[in-house]
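The values are calculated or read from the model by the stated rules, or taken from the named source; none is laboratory data. This one's a predicted model, so the numbers in the text were calculated from it and none came from an experiment. Virtual Cβ from ideal backbone geometry, glycine too; neighbours counted across all protein chains shown. What goes into the accessible areas is simple: the full protein's heavy atoms, side chains included, and nothing from ligands, DNA or RNA. Shrake-Rupley method; radii C 1.70, N 1.55, O 1.52, S 1.80 Å.
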Amino acid sequence: MKKTIARLKVQHWDTLSATEQKTIQRGSWILLPLLMYGLLWQPVHQALPKLQAALPHLRAQADQMQSLAGQAQSLRQKAQLAVLDSDALRAAVEKSASEANLPLLVVPGELNSVRISAENIGFAQWLQWQRTLETTQHIRVAAAMLVASPEAGMVKLQATLTNGADQ
């Protein structure tokens with residue numbers, strides 16, 4: 001590298017007269033600050049307000065990402081519920097319905113689900129039982145059809161229950 005610079009100096013710089021060399025040196029002393037201003041300081045000075053305006057939004061995004069990462073980590077450590085087959089699910093639903101004194105007909109459904117039906121059941125009682133079933137055994141309603149009975153507060157019920165096999 002030094003040899004290349006020395007060769008270029010001999011070929012070009014040394015061929016110039018002393019006046020030409022001084023003129024080029026003075027010109028470079030004038031051009032260097034202008035280039036520094038145009039290439040470094042001025043673009044930074046123009047971009048600074050944009051960056052200052054974007055910084056709070058970026059910090060909020062970073063905080064949100066950190067909180068979401070914490071949530072994801074806690075969900076990874078949470079135990080996964082076992083998916084019950086139709087027979088085990090039917091037994092769990094029948095036991096819970098008998099404990100709640102609900103006259104339900106429970107039939108195994110397709111692929112880890114059961115179908116329940118009742119001709120005349122209290123709507124509020126069914127909602128309470130369904131909420132209890134969901135919170136204690138993680139069995140939820142996948143589909144339901146309720147028809148109002150002539151008797152006040154009573155419904156005809158057909159529903160499909162599952163505990164997460166199709167999630």
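Against the criterion of solvent-accessible heavy-atom surface with a 1.4 angstrom probe, 126, 29, 13, 41 sort, most first, into 29, 41, 13, 126.
Once all protein chains are placed together, residue 12 keeps about 110 Å² accessible to a 1.4 angstrom probe. By the Cα gyration tensor, segment 87-156 has an equivalent ellipsoid whose semi-axes, rounded to whole angstrom, run 20, 13, 11 from largest to smallest.
Phi-derived couplings, Karplus 6.51 cos²θ - 1.76 cosθ + 1.60 at θ = phi - 60°, listed residue by residue for segment 92-101: 5, 5, 4, 4, 5, 5, 5, 5, 8, 6 Hz, with x used for Gly and Pro. Each of the peptides 44-57, 96-109 was scored by the mean count of other Cβ atoms within 10 Å over its residues; in descending order, highest first, they stand as 96-109, 44-57.
In the elastic network of the chain, a GNM with C-alpha springs shorter than 10 Å, the most mobile of 157, 146, 39 is 39.
The simple Förster model, with R0 at 41 Å and r as the Cβ-Cβ distance, assigns residue 151 and residue 54 a FRET efficiency of 0.05.
So who's got an amide H within less than 5 Å of the one on residue 139, skipping anything under 5 residues away but keeping other chains? H placed 1.01 Å off N, in plane. When sequence neighbours closer than 5 places are left aside, the close amide H contacts are 134. The residues of the chain expose, per residue, 77 Å² of accessible area to a 1.4 Å probe.
Estimated purely from DSSP H runs of n ≥ 4, each contributing -39500 (n - 2.57), the mean residue ellipticity at 222 nm for the chain is -18500 deg cm²/dmol once divided by its residues.
For residue 22, the lysines whose Cα falls under 28 Å of its own Cα, not counting residues fewer than eight places away in the same chain, are 2, 3, 9.
With +1 assigned to the C-beta of every Lys and Arg and -1 to the C-beta of every Asp and Glu, and no other charges, what is the dipole magnitude of segment 9-167 about the Cα centre in debye, to the nearest 20?
That gives segment 9-167 a dipole magnitude of about 880 debye.
For segment 148-156, 3J(HN,Hα) computed residue by residue from phi via the Karplus equation (6.51, -1.76, 1.60; θ = phi - 60°) reads 5, 8, x, 6, 4, x, 10, 9, 9 Hz, glycine and proline entered as x. Can you pull the percent of Cα pairs in the chain with separation above 26 Å? In whole percent, the long-distance tail amounts to 63.
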